[in-house]
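Trainee: This is the structure, below, for whatever I ask next.
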Amino acid sequence: MRVRLARMMRDINERVGHYLFSLAVIYSCVAVVAAVALALLASQCMVWGAVMGLASFVPFIGPPVVIGLVALVAMITFDDWPLIVAAPAALLVIHFTESQLVTPALVSRRCALNTVAVFATIALLGWMWGRSARSWRCPC
C-alpha cells in the first residue's frame, strides 16, 4: 500500500511539474513577444513586456491590470491617438492569443482530463457559487 501511494504521489508531482514548466515556457514567450511588440512602438517599453509575462502567472486579473496600466502610461506618454491605442491593443491581442489558443493547445496535450470529470466539476462549482451568492444578504 505504501509503495502504491508513493508511486501515485511521485506521478502527481511529476505531472504538476510538467504543467508548471509548460506555463513557465508559455509565459516567457509572452514576455518576449510583448517586449518586442512594445519596443517596436517605443524604445522605452521593453520592461512592460517582462511585466506582462510575470503578470500572466496571476490568473484572471494579472494581464488585464497590466494592459490597463500600459493604456494609462500610453495616454500620459504619447500625443498621438493611434500610438496610444496601439500599445494596449498589442498586449490585448497577445494575451487573447495566449489564453485562448496557445495555452489550451499546449496544456491539453500534457494533461489528459476526463470530460465527465470536467463537466461534473464545473457543475459543482457553479452550484456552490450560486449557493454562496444567494446566502449573501445586503446589510442595509
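Trainee: Pick from 47, 65: which is aliphatic (A, V, I, L, M) and out of contact with any helix residue (DSSP H, G or I) (no Cβ under 7 Å at 6 or more places or on another chain)? Before the answer, list the steps.
Mentor: Details: 65 fails: out of contact with any helix residue (DSSP H, G or I) (no Cβ under 7 Å at 6 or more places or on another chain).
Result of the check over 47, 65: 47.
Trainee: Hey, could you check region 39-79 for residues that are polar (S, T, N, Q), without any contact (Cβ under 8 Å) to a residue 40 or more places away in the chain and outside any helix (DSSP H, G or I) and say which is most open to solvent (accessible area, probe 1.4 Å)? Full working, then the answer.
Mentor: In the first step, residues of region 39-79 are kept if they are polar (S, T, N, Q); the result is 43-44, 56, 77.
In the following step, the residues that additionally are without any contact (Cβ under 8 Å) to a residue 40 or more places away in the chain were identified as 43-44, 77.
Now restrict to residues that are outside any helix (DSSP H, G or I): 43-44.
Details: 43: 96, 44: 155 Å².
The residue in question is 44.
The values are calculated or read from the model by the stated rules, or taken from the named source; none is laboratory data. All of these numbers come straight from a predicted model, not from anything done at the bench. For neighbour counting, all protein chains shown are included, and Cβ atoms are generated from backbone atoms with ideal geometry for every residue, glycine included. Ligands, DNA and RNA are excluded from the accessible area calculation, which covers all protein heavy atoms including side chains. Shrake-Rupley method; radii C 1.70, N 1.55, O 1.52, S 1.80 Å.
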